[in-house]
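Chemist: Structure in structure tokens, see below.
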Amino acid sequence: FHPNSVEICLNLSGAGFVRLGGQEVSYRTASAGFYAQGNEALEASRLRNQLHQFITVEFAPSFLGRHLGGREGVLHPLVRQVVEGRDISGVSPATPLSAAQQTLVSGLRNPPVPAVAQPLWYEAKAMELMAQLFVREPEEEEFFCTRQKRMAKERVEQVLAIMRRSLAEPPSLEEIGREVGCSPFYLSRT
């Protein structure tokens, strides 16, 4: 970990965890999260006998302040405190990579621009990740039917990601259901 920075971890394959005191966040294949190491040390480990691939993107507090200052009200609490200049450690929950984020990761591995333009392109992609992971939508009351539609769409994105990574040997409906957290019957209906 790099002290006094916020790091995004895009976990592409393999599983592991990041721990701060009693709080542990698990990273599964195709997940993303972020953390900051300030006044307390973070601990991390990867599970043995797995192929591990991940990308980390590190943000200095000055960079975050320059781009996110004045927007503290919509930032994740950990990022907000770093932008405000606090020396804090923390870990965000890990979430599955969306289809758009998986496309972004693919671009990070093979940038579609000439080498001379890559620094600018990478900075733009880093800022895109900041917008996706650090900014929180204002909380509004969500109607049940709206929530169900949103959750169904998120599950479909998760299933697509699972299928993309396992095209040669697709998992069974039961295995996919366990991974996305719903019954095979409900998954087949969705």
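Chemist: Out of the residues in region 26-74 that are in a helix (DSSP H, G or I) and out of contact with any strand residue (DSSP E or B) (no Cβ under 7 Å at 6 or more places or on another chain), state the one that is surrounded by the most Cβ atoms within 10 Å (Cβ to Cβ). Can you show your working first?
Modeler: Narrowing region 26-74 to residues in a helix (DSSP H, G or I): 61-68, 72-74.
Now drop any that are not out of contact with any strand residue (DSSP E or B) (no Cβ under 7 Å at 6 or more places or on another chain), which leaves 61-63, 65-67, 72-73.
On the way: P61: 19, S62: 10, F63: 16, G65: 15, R66: 10, H67: 16, E72: 13, G73: 8.
Out of the qualifying residues, it is P61.
Chemist: Among residues belonging to region 75-91 that are in a helix (DSSP H, G or I), within 19 Å of the chain's Cα centre (by Cα) and among the β-branched types (V, I, T), point out the one that is farthest from Y122 (Cα to Cα).
Modeler: Of everything passing the filter in region 75-91, V82 is farthest from Y122 (Cα to Cα).
Chemist: Here are L167, L173, L120: which of them is farther than 18 Å from A94 by Cβ, touching a Pro at 6+ places or on another chain (Cβ under 6 Å) and either of a type in the set (A, V, I, L, M, F, W, C) or surrounded by 14 or more Cβ atoms within 10 Å (Cβ to Cβ) (or both)?
Modeler: Values: L167 fails: touching a Pro at 6+ places or on another chain (Cβ under 6 Å); L120 fails: touching a Pro at 6+ places or on another chain (Cβ under 6 Å).
Of the residues listed, the single one that is farther than 18 Å from A94 by Cβ, touching a Pro at 6+ places or on another chain (Cβ under 6 Å) and either of a type in the set (A, V, I, L, M, F, W, C) or surrounded by 14 or more Cβ atoms within 10 Å (Cβ to Cβ) (or both) is L173.
Chemist: Looking at region 61-112 only, could you name the residues that are hydrophobic (A, V, I, L, M, F, W, C) and within 24 Å of Q23 (Cα to Cα)?
Modeler: As a first pass, look at region 61-112 and keep what is hydrophobic (A, V, I, L, M, F, W, C): 63-64, 68, 74-75, 78-79, 82-83, 88, 91, 94, 97, 99-100, 104-105, 108.
Scanning region 61-112 gives V74, L75, L78, V79, V82, V83, I88, V91, A94, L97.
Chemist: Say whether the condition of being β-branched (V, I, T), modelled with pLDDT of 90 or more, within 20 Å of E24 (Cα to Cα) and crowded, with 19+ Cβ neighbours inside 10 Å is met by at least one residue in region 93-101. Full working, then the answer.
Modeler: As a first pass, look at region 93-101 and keep what is β-branched (V, I, T): 95.
Next cut, modelled with pLDDT of 90 or more only: 95.
Those still in the list that are within 20 Å of E24 (Cα to Cα) too: 95.
Adding the requirement that they be crowded, with 19+ Cβ neighbours inside 10 Å leaves none.
For region 93-101, residues β-branched (V, I, T), modelled with pLDDT of 90 or more, within 20 Å of E24 (Cα to Cα) and crowded, with 19+ Cβ neighbours inside 10 Å: absent.
The values are calculated or read from the model by the stated rules, or taken from the named source; none is laboratory data. Not measured: the values here are computed from a predicted model. Cβ: placed from backbone, ideal geometry, glycine included. Neighbour counts: every protein chain shown.
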